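First the structure, in the form of C-alpha cells, and then the observations on it.
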Amino acid sequence: MGGGAGADKALVPRGTTRYHPYMAGLNLRFTEEELDALRARAESEGRSMQSFAHDAVITAINEHSRLFNEAADHVLKVSEELNRRLA
C-alpha cells in the first residue's frame, strides 16, 4: 500500500549517542512520575533517557504507519468487488 513517498519505509531507531549539526532537537515535558519511570526504564536497559525516548518515538511512528497501511489494505481488499462493479 503506498500512501506517499516513503510510506512503506520504516524509520530505524539508532539511538542518539552523538550530536550532529543537522539533527533537530525537541524539548519534552514530563511529570515527575513519568520522568522517574523513563529514567528507571532507560537505566535498566543501560541507555540514556534521550536514546530511549528517541527510539520509543520512532517505534511509535513506525507502528502507526504499519497500522494505517494494514487498515488501508483491508479496506481495499473488502471493497474490491464493489469497486469492480462500480467501475
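Computed quantities for the displayed model
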quantity: Qualifying residue in region 49-64 (condition: among the acidic types (Asp, Glu) and at pLDDT 85 or above); calculated: yes
quantity: Members of region 1-43 found to be among the hydroxyl-bearing types (Ser, Thr, Tyr) and either in contact with a Cys (Cβ under 8 Å, 6 or more places away or on another chain) or modelled with pLDDT under 60 (or both), listed by number; calculated: Thr16, Thr17, Tyr19
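The values are calculated or read from the model by the stated rules, or taken from the named source; none is laboratory data. Every value quoted in this text rests on a predicted model; they were computed, and no experiment measured them. Ideal geometry is used to build each Cβ from the backbone, glycine not excepted, and the neighbour counts take in all protein chains shown.
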